[in-house]
Structure formats: structure tokens, C-alpha cells
Amino acid sequence: MPLNESDLLKLTELFKSIFDVFHEEIVLQNEEGRILYCNGKYKSFIKDNGLYVESFKAFFDAYAVEGEKDIVKVGSIKKSVVKIPLSNIFSGLYFITLRDYHEVLRGEDELQDIVKGIDILKSLLDTFYYGMALVDSNGIVVKWNYENLFGIKEEEALGKHVTDIIDNTRLHIVAKTGEKELMQIQDINGMNAVTSRIPIYKNGEVIGAAGAVLFKDTKELKKLFKQIDILEKNVHKYKREIETIYEARYGFKDIITEDYKMMEQKEIAKKVSLSDVTVLIQGESGTGKELFAHAIHKEGLRSRGPFVTINCASIPRELMESELFGYESGAFTGAKKEGKTGKFELANGGTILLDEIGCMPIDMQSKLLRVLEAKEFERVGGNKRIKLNARIIASTNENIELAIKDNKFRSDLYYRLNVIKIEIPPLRERRQDVVILCKSIIKSIAERYYMTTKEFSPAFMEAVKSYNWPGNVRELKNVMERAMVLSKGEILTTETLPSYIVKEDYHKYSEENYSLKEILEDTERNAIKRAIMDCGGNKTLAAKKLGIHRTALHKKLQKLRIDEYI
């Protein structure tokens, strides 16, 4: 409908409020060429302040073709111009937008650069995705890589609006909003495809959007989830197996003793376990040094971490450093291609036990000291520093103080390790532990071999209690296992013991520390025990056989502490 002057003024005010915020240069013109409105961007091209400029009528008539984009030159600047008729609202009105031609070219060039990049990555994209499409800010397809999925060739898709090719697409919306849409379900050819759409930005402005099909059907995604689930279970399984390999097996309840000195050391170890202090465990071979180390870790602050043991006496000198700290690929001839993780690295988060530390070569002692001081180390052949986050427990059966005097052990390393010392007495100095250890060991062996727990004959117990056990608890375990395997009845006799232990029982009196009183008591004790055994445990008959009253026999049993063996 034709507009009167009043309507034109109202319309002008309306467009001022709407178009002043637009980035493009905007002009509202009637069919006579009269400029009803132009925003601030365009005013710089109008030299006089009137609303009618005759020269621009010819300009727009010549270059602003209805509904089509054209390139024109305004002064020295090229412009991209589009003339849109507003006949659906008011007849005879035209909405004209101008934009700097170089800006348009830059946006198109940037998109073309992306297109070229996609061409270069085409083989890679074809491998990882089912296809990809790229649109400009208006939703026009500038790159098409969906031929296999949609059956549409690229030359057929280029230049078309994406909605004319893909049903249910939102790619053009993403190109407008700049909001990415990841892992979205989209119906493509009757399948629930998994797609992602991301906006393409340049200098803070959206210049287009890219879309890709990650999974052609959700069934593929479910299959992938299932595979991931299997992998996670396998990783968890292997992780648990590794934890089992490097796991402390014993606690303080496994340290069985009635000896005062031993109980005192056990209490120290319990207190130490609640801190992260370095511990040195000293004792003869077989006394249970590793048992203490296990317990300190298992009931300490790092119980959830690994417990790694390395025997310093069993590793060749030339391999010591690589065993402790690991090595990188190709560090030396014969090294694994993938390198190797050292014991210290494996122990991170937990505890490392340096067993038989007294046997460590002197040159390695200096390297170990630097690691303990710096709390970091490097793999052999590497230059990456690895933080040390492990508790240090060292154990030895050697006299370290004597080794220091002989220049076989560094005094500074000894003082670094000897923050808390736990000294385990040998079994010969805690003979009262032999009885309870034998009972515990026999029970354990019976459970392991599905055997019946057996009792001890008095002579058997006297022999094992009298023996000095130079191999300590380790030797005692071996002897008990031998006795269980060789025994025929329900009672373990001296026949199941090694001959050197039984002979020790008979020849022990040659030792200088036995007095005449002790020899007589032992002789009397053995005679009484043998008589009771011969009488099948009947003490009345045994008293008659010994030629003493039954009451006198009971007194001797109490005095000589024989009841505990019968």
C-alpha cells in the first residue's frame, strides 16, 4: 500500500530503533529513490544531510538488483550490496545492505582455507568419521564429504543450503548461534546417528560451522561402550594382579612371641607404622626382618600403596642401578626397547624394602644417598626427574657399625637410614617362643597340605627346645615341615627330626655354660618323660617304674616343668 508522509516518518523512527545496532551498512529506500533511513555506518557516504540524494537513485537502480548479491564500488571502496524488496510489508520499499567487500572476501578466504585443510585431511577424516560437511555463516554448503552416507556427490551439494540436502539438520543454526552441539542423536536414513556440530570462529565472529557423523548408528556406540567396559575390567584385573605381587602379606598379628625383648620391638614397630619415618631392621638371617617390614607397611599410612622388595645381595653389581631406578629405551646393550620401570618408581605411593642393604656396593651407596636426600631420581639413560614418594625400610643381618670401620659401608648413608632401628633377637635368645612357634607352624602346615594337626611327644619338644637354631625361625619352619611330612601317627616324635638336632640334645652337656645342677636336672627330666611315655601316659605306673611315690612324681613334674610337654 502507498505510504503518506506521516506513515513514512513513523516507519523511519521504527527502523532507526531496529537497525542502529547492525554491523552492516543499511539503507531503507522507496521506489522513487527517496532514502527513508540509513544507519550510522552508511551516513559517511552521504555528503548532504537531506533524505533524498538523486545520485544514489541511479546507483541503486544500476547495481542493487532485487534479491541478488552484487559487488559495487562506492568511492574508492568496493562494497557487497544486496537489495531486498519489502513488498510483503509495504509496496514500493526496498531494504538495502552494504558490507565492505574485503571483509566478505576475508570471511570467504578463511572458509576456503578450512576447506583446503579438510581436503588435506580427507583420508584421515574418512578413517575416523563417516563424513563431514562445512557451511558458511548463511548455512550454504562449502565443503561436502558425505557422499558415502547420503549418496550425494560434492558437486551436487556445493552452493546449496544445508537444509535442502540433510533432513533434521541443525548445522545452519549452529552457524548462526555459535553454540556447539556435541554427541547429538540425529535420524539419518532411518538410523539413529551420533553427530557433532561445532561453530568456526575467526576474530571473535562465527564464519561457519562444521558437522561430522561419529557413529552411523547408536548400536555402534553401544558396541564401543561394551568394548571399553571389557578393557576397563581387564585393566582392573591386571592392576589387582600387580597389587597382589607388590602387596604386604603379613601384619603384626603374624609376629608371634612371648619374649619380652621381642614384644618391645613389636611395640616400637607399631608406633613407627603410623608415621613415614625411615626404618632400619637389624637381625640375624631368618629372624623375621621381612615380617616386620610387611607389618609396618600393611598397618601403616601407605597400606593401600605397593610394597616392593629388592634383595641387594642377589643383584649383580652392574645391574644394581637399573634395577633400582629403571632405564630408558636403548640405555645400554641388551636393554629392552620399551625401557624398564625401576623398583623405586614401582614403589611410589607405597613402601620399598631394601633387604640386605649391607651387601650394596659402595658406589651405589652414594647414589642411593643422593636419591634419599633429593627425593627424586632419573632412569639410566634418561634425563626426566621422577619424584620419589615411597617410604624407605632397610634391613640387614650384618653388623653395619663394623662394616663402617672396614670402609665397606658409608657412615652418612647409615645415619640416613638409621632413624628408627628395630633389632630382632635370635631364636636361641628367646627359647620360650619355640613352643608357641612350633604350634603355630604345625597348624599352618596342616592347613596348607590339608593334613590333621599333630601333637608333640615330650622328647620331640625337648629336642627342638634345646637346639640352638642357628637358622632361626626359617630353620624351625623347615624342620617342622619335614617332621609333618615324615610322621606316621598323630604324634610327632624325635624320629622325624634331623639327626643333628637329636644329637645336639645328647651332646649339649659338653658346652661350658652347663652346671652340674643343670645336667642332673636334664637327666632326671629325660628319665621321667621316658618312663611316662613307656607307661602310655599313666603317671601312677611311671612312678612305680621309677621307684618313687606318685606324690613325689607330681612334685618333680612341677619343679622340672614337664607337664607342658605331656
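Greater than 20 Å separation of Cα atoms is the criterion. Which listed pairs, Lys270/Lys298; Lys270/Lys439; Lys439/Lys539; Lys289/Lys387; Lys443/Lys488; Lys266/Lys405, meet it?
Over 20 Å apart, Cα to Cα: Lys270/Lys439; Lys439/Lys539; Lys289/Lys387; Lys266/Lys405.
If you model segment 327-439 as an ellipsoid using its alpha carbon gyration tensor, with each semi-axis the square root of five times an eigenvalue, the axes come out at 33, 18, 14 Å, biggest first. Annotation: peptides 449-460, 132-143, 373-384, 468-479, ranked by per-residue average of other Cβ atoms within 10 Å with the highest first, follow the order 132-143, 468-479, 449-460, 373-384. When Lys and Arg each count +1 and Asp and Glu each count -1, what net charge do the other residues less than 9 Å away from Glu181, Cβ to Cβ, add up to? Result for the local shell: +2.
Among residues other than Arg197 with Cβ under 12 Å from its Cβ, the summed charge is +1 (Lys and Arg +1, Asp and Glu -1).
Taken together, the values in this text are just the output of simple stated rules run on the coordinates, not laboratory data. Computed from a prediction, not measured in an experiment: that's the story for all the values here. So basically every Cβ, Gly included, is an ideal-geometry build from the backbone, and we count neighbours across all protein chains shown.
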